[in-house]
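The values are calculated or read from the model by the stated rules, or taken from the named source; none is laboratory data. Just so you know, these numbers come straight off a predicted model, no measurement behind them. With ideal geometry, Cβ positions are generated from the backbone for all residues, glycine too; neighbour counts draw on all protein chains shown.
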Amino acid sequence: MLPEKWSAWVVVGTRCGIILLMSGAEDVLFLQFKEAHASVLEAYVGKSAYANHGQRVVMGQRLIQPVSDIFLGWGVGSIDSSDYYMRQLRDMKLKPQVEIFEPDTMKIFGELAGWSLAASHARSGDSAKIAGYLGKKDEFDVAIADFSESYADQNEKDHQALVQAVRDGRIEARIES
């Protein structure tokens, strides 16, 4: 039974749900809806051009995805008037086991992931303007590499702190399969 008001729920993060639609015994469709809030960038770049934050998310997805989900859409919640976006739920993501990669394999994986991310982001902006902004020198490349190394170092420190906190009994951890 749904509560009369969303506010009666304890909410951590954003609301998210899954809807099961069936047109026959073996014909199912899962749709996922997620609450959309204002972008964290609004404080720095101003309000979105879209009145509905779900629409902002959807339009961004359509910009960076070569082929979009036909069920990708947005709306306003009838119970709480919050902004939402919806998509088909297909959790068929493959997770590469990077923890067992050899250094050469990791290098190739990193290069491919970088190219894929760059291609997606290139679709969302004017590539000529971006190239002009970055220029022909390697300053941006060096800055990104330096940041990446620092980020990796910090990630390792954070992981070691987590492991130590588990060992000390300050945090409980369990492995579930």
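Tell me which residues, restricted to the stretch 58-76, are closer than 15 Å to residue 119 by Cα, aliphatic (A, V, I, L, M) and surrounded by fewer than 14 Cβ atoms within 10 Å (Cβ to Cβ). Result: 63, 67.
Residue 62 passes every criterion in (1) free of Cβ contacts under 8 Å to residues at least 60 places away in the same chain; (2) under 17 Å from residue 17 (Cβ atoms) apart from (2). For the stretch 49-59, the set of residues classified as free of Cβ contacts under 8 Å to residues at least 24 places away in the same chain and either touching a Ser or Thr at 6+ places or on another chain (Cβ under 6 Å) or within 14 Å of residue 16 (Cα to Cα) (or both) consists of 56 only. Any residue at all in the stretch 31-38 that's without any contact (Cβ under 8 Å) to a residue 40 or more places away in the chain and part of a helix (DSSP H, G or I)? Checked the stretch 31-38: no residue is without any contact (Cβ under 8 Å) to a residue 40 or more places away in the chain and part of a helix (DSSP H, G or I).
Cβ-Cβ contacts under 6 Å between residues 6 or more apart (or on different chains), taken from a first residue in the stretch 4-30 that is at pLDDT below 70 to a second residue that is in a strand (DSSP E or B), are absent. Those helices (runs of 4 or more DSSP H) of the stretch 79-177 in which 1 or more residues are surrounded by fewer than 11 Cβ atoms within 10 Å (Cβ to Cβ) and among the acidic types (Asp, Glu) occupy 103-123, 139-167. Reported count of residues in the stretch 78-135, each being in contact (Cβ under 8 Å) with a residue 60 or more places away in the chain, polar (S, T, N, Q) and under 30 Å from residue 28 (Cα atoms), is 1.
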